[in-house]
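Have a look at the structure below before the remarks.
The values are calculated or read from the model by the stated rules, or taken from the named source; none is laboratory data. Just so it is clear, the structure is predicted and the values come from calculations on it, not from any experiment. Ideal geometry is used to build each Cβ from the backbone, glycine not excepted, and the neighbour counts take in all protein chains shown. Heavy atoms of the whole protein, side chains included, go into the accessibility calculation; ligands, DNA and RNA do not. Shrake-Rupley method; radii C 1.70, N 1.55, O 1.52, S 1.80 Å.
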Amino acid sequence: MNPTDFGVSFSGVSPTEITIRAFLPNITSDKGYRLFADIIHSNDQFKEAIPAFPMELINVDQAKGIWEYKNAFQENPAYGELGKAGKYIYRFRLLKNNVVKCRSFSDPFSKESGTGTYSSFSYKTDEEFTWTDASFTPPNVNDLVIYEMMVDDFAHDFSGVLEKIEYLKSLHINCIELMPVTNIPEPYRWGYMPMSYFAIEERYGGQTGLKEFVNECHKNGIAVIHDAVYSHMHDEFCYKKVYWEVGEENPMIGPFAEDMFGVGTDFNKSFTFEYFLAVNKYFMEEFHMDGFRYDYVPGIYDGPMGIGYAKLVYETYQYSKTIPKFQNAQHSKIIQAAEYLSRPKEILETTYTSASKRWEPMLLSQDMIKNYGQVPRAFVDEMLLIDFNHNWPSNYDNGMDEFPVAPIQFIECHDKSRLMYLLSGQHSSYHGGFDLFGRDISKWYRLQPFAIALLTSEGIPMIWQGQEFGEIYGKHDDGGSRVLAARPLHWNYFYEESGRTLVNLYRKLGKLRQELPALRSRFSYFYDKESRLYDGLVAFLRIKDQNYSTGNVLVLINFSEGNKELSLYLRKGTWIEQLNKDGETLEVVSDYEWVTLSVPSNFGKVFVQS
């Protein structure tokens with residue numbers, strides 16, 4: 001399935017010919033169907049006297065369900081600025097036996113969008129975008145530090161985000177995970193119910209805006225991955241809306257795997273796989289995307305050898321080998337992250353997935369906010385990937401392809417309430433998480449040890465936008481306010497003592513992770529007997545390599561009130577503390593020498609061995 005085969009295209013010069021191609025299997029002219037594309041120049045959209053121009057498509061291939069309109073695109077005063085340069089909006093209209101069966105639906109192959117449920121195209125206005133990112137290559141999986149971003153809430157649109165690119169660089173992140181940026185009909189929504197899969201949300205800046213965004217991110221050493229929502233979609237999505245209304249056999253929608261969000265995509269239907277693989281290829285080719293974060297994988301997963309998710313990531317990986325920036329002596333560097341919260345290890349071990357998301361560290365962090373001063377052993381195990389029954393994989397190897405893999409670590413994400421919100425008072429479900437007035441944010445300092453734990457953990461740390469300066473919004477676990485209510489970041493927090501202190505901590509930690517191989521390794525040692533979890537004290541060693549050479553990192557964290565002392569042993573070397581102003585130095589003259597260290601309240605220390 002090639003997306004360029006469908007939608008709107010132009011050929012010739014004088015007169016210019018317009019071609020509109022639609023794909024509607026099982027909806028054919030021999031059943032009495034007629035298909036129209038109603039088109040109007042955007043300048044005429046709200047003019048009372050100017051109607052849309054109806055272009056009737058012909059069912060040129062009944063077996064495949066292909067419809068086509070092809071004719072000269074000429075000016076016609078009766079239809080306003082039709083035929084003139086500019087942006088056009090259009091929707092399809094379906095009749096059966098001359099009775100309207102579906103009054104309007106968008107083009108599932110449209111590359112541009114208008115407001116609401118309109119598709120769009122540009123005529124004689126496009127200028128080819130010039131990419132300047134040929135030298136960019138995505139970071140290695142174990143080097144990733146991800147920043148999860150909802151464009152609208154972060155800075156309204158792509159250009160607004162780029163105005164803050166220096167801010168993002170200062171956090172030393174090297175990958176932005178975009179929540180869905182494809183077209184939605186509502187004026188605001190998270191994007192997890194897509195209406196279009198190829199069209200970029202016009203309010204964010206459309207195709208050109210996304211290209212400029214990715215190009216500039218690459219210029220600054222930042223990879224970009226897109227939240228791919230392939231298991232469920234908006235009721236206005238063509239292959240959901242039209243087939244429900246006419247009752248014909250659906251080429252895409254049907255029971256397949258889990259269906260938490262209702263019946264979604266059915267990969268038993270060949271078109272489903274072809275469509276979403278085409279979307280992936282389009283995003284890699286057209287927008288230079290560095291990979292994907294696959295939403296709700298249980299909805300499209302039918303096992304490691306299945307025809308759903310496993311096949312999709314396999315084919316995407318193989319295709320990525322043809323793109324120069326992904327090429328590596330051993331493997332493709334494409335980033336493919338799965339949201340399969342209950343089976344993250346299986347996904348890493350058995351599919352072409354390089355990163356997996358899970359909620360345990362975040363849920364444990366929320367519990368620790370509520371049960372202040374104690375650290376559950378499970379939190380340490382999660383952050384250091386300790387599991388004696390089933391080790392976390394560090395590589396995928398099926399005998400043909402081998403590449404590094406890692407779980408994604410996070411303490412906040414878009415699905416749950418902020419830690420600052422949980423710190424600041426009780427939650428009333430009546431307010432839906434927007435009861436922000438008068439909340440007590442004076443205990444912001446309790447967030448500091450969580451930042452230290454996150455950015456010194458094993459795996460891939462992910463920062464949810466705003467957590468680095470103490471953003472405070474709460475969430476409902478369900479309900480419309482969760483996905484339909486805007487939560488613009490409180491950028492004023494950045495200038496307050498709490499926000500600046502937290503941001504500076506994230507900056508220091510990000511820089512350390514960038515500079516120190518030990519913090520990006522998959523080797524750790526937890527001081528089990530020396531740590532006092534009941535007292536809020538955690539100590540662990542991040543180890544550079546299995547030879548225990550120099551460059552190891554000692555991490556001490558105090559999740560409680562009051563400075564406390566902790567005694568442990570170290571290997572010989574000079575250990576220099578990185579987070580606190582005094583620059584404490586330890587001279588350890590022999591291996592396994594015991595030292596006693598003070599750990600500041602609601603903070604910690606990070607020593608680097610030389």
Q. Can you find even one residue in the stretch 533-542 that is within 13 Å of residue 375 (Cα to Cα), of a type outside the set (A, V, I, L, M) and touching a strand residue (DSSP E or B) at 6+ places or on another chain (Cβ under 8 Å)?
A. yes
**Q.** Subset of the stretch 72-109 that is without any contact (Cβ under 8 Å) to a residue 60 or more places away in the chain and under 17 Å from residue 247 (Cα atoms) - its residue that is surrounded by the most Cβ atoms within 10 Å (Cβ to Cβ)
**A.** 93
Q. Looking at 239, 230, 192, which one is more than 23 Å from the chain's Cα centre (by Cα) and not small (Gly, Ala, Ser)?
A. 239
Q.
Checking the condition open to solvent by less than 30 Å² (accessible area, probe 1.4 Å), out of contact with any Phe, Trp or Tyr (no Cβ under 9 Å at 6 or more places or on another chain) and not polar (S, T, N, Q), which residue from 537, 505, 512 passes?
A. 512
Q.
Return the pair list, or none, for Cβ contacts closer than 7 Å from residues in the stretch 187-210 that are farther than 14 Å from residue 115 by Cα and touching a residue at least 60 places away in the same chain (Cβ under 8 Å) to residues that are open to solvent by less than 10 Å² (accessible area, probe 1.4 Å) and of a type in the set (Phe, Trp, Tyr), at least 6 apart or on different chains.
A. 198/109; 210/158; 210/287
Q. Out of curiosity, is residue 423 open to solvent by 10 Å² or more (accessible area, probe 1.4 Å) and touching a residue at least 60 places away in the same chain (Cβ under 8 Å)?
A. no
Q: Identify the residue in the stretch 2-37 that is on the phi > 0 side of the Ramachandran plot and touching a residue at least 12 places away in the same chain (Cβ under 8 Å) and, among all such residues, is surrounded by the most Cβ atoms within 10 Å (Cβ to Cβ).
A: 7
Q) Among (1) touching a strand residue (DSSP E or B) at 6+ places or on another chain (Cβ under 9 Å); (2) at pLDDT 95 or above; (3) on the phi < 0 side of the Ramachandran plot, where does residue 64 come up short? A) (2)
Q.
Restricting to the stretch 35-49, name every residue that is under 18 Å from residue 114 (Cα atoms), touching a Gly at 6+ places or on another chain (Cβ under 9 Å) and assigned to a loop (DSSP other than H, G, I, E, B).
A. 45, 47
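In the set 401, 367, 435, which member is of a type in the set (Asp, Glu) and at pLDDT below 95?
Working: 401 fails: at pLDDT below 95; 367 fails: at pLDDT below 95.
Going through 401, 367, 435 in turn, the sole match is 435.
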Q) Taking the stretch 307-346, which residues are among the aliphatic types (A, V, I, L, M), touching a helix residue (DSSP H, G or I) at 6+ places or on another chain (Cβ under 7 Å) and under 28 Å from residue 376 (Cβ atoms)? A) 338
Q) How do the pairs read when you match residues in the stretch 47-64 that are closer than 12 Å to residue 23 by Cβ with residues anywhere that are among the aromatic types (Phe, Trp, Tyr) and part of a strand (DSSP E or B), using Cβ under 8 Å and keeping only pairs 6 or more apart or on different chains? A) 57/36; 57/67; 57/69; 59/33; 59/67; 60/67; 64/23
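Can you tell me which residue among 215, 183, 220 is under 18 Å from residue 146 (Cβ atoms) and of a type in the set (S, T, N, Q)?
220
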Q | Qualifying position, being on the phi > 0 side of the Ramachandran plot and modelled with pLDDT under 95, among 373, 291 | A | 373
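Would you list the strands (runs of 3 or more DSSP E) that sit entirely within the stretch 503-610 and hold 2 or more residues that are among the aromatic types (Phe, Trp, Tyr) and touching a residue at least 60 places away in the same chain (Cβ under 8 Å)?
Strands (runs of 3 or more DSSP E) meeting the threshold: none at all.
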Q: May I ask you to list pairs of residues, at least six apart or on different chains, whose Cβ atoms are under 6 Å apart, with the first in the stretch 456-475 being under 24 Å from residue 430 (Cα atoms) and free of Cβ contacts under 8 Å to residues at least 60 places away in the same chain and the second being open to solvent by 10 Å² or more (accessible area, probe 1.4 Å) and among the polar types (S, T, N, Q)?
A: 470/498; 474/417
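Each row is one residue, and each column tells you yes or no for (1) at pLDDT 95 or above; (2) surrounded by fewer than 24 Cβ atoms within 10 Å (Cβ to Cβ); (3) on the phi > 0 side of the Ramachandran plot.
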| residue | (1), (2), (3) |
| --- | --- |
| 450 | yes, yes, no |
| 453 | yes, no, no |
| 456 | yes, no, no |
| 468 | yes, no, no |
| 472 | yes, yes, no |
| 476 | no, yes, no |
| 479 | no, yes, yes |
| 489 | yes, yes, no |
| 492 | yes, yes, no |
Q) For residues in the stretch 50-66 being charged (D, E, K, R) and in a strand (DSSP E or B), which is farthest from residue 118 (Cα to Cα)? A) 61
Q.
Here is a check on your reading of the model: is residue 396 of a type in the set (Ser, Thr, Tyr), outside any loop (DSSP other than H, G, I, E, B), within 18 Å of residue 523 (Cα to Cα) and in contact (Cβ under 8 Å) with a residue 12 or more places away in the chain?
A. yes
**Q.** Pick from the stretch 38-70, criterion open to solvent by 80 Å² or more (accessible area, probe 1.4 Å) and of a type outside the set (Val, Ile, Thr), ranking: farthest from residue 89 (Cα to Cα)
**A.** 63
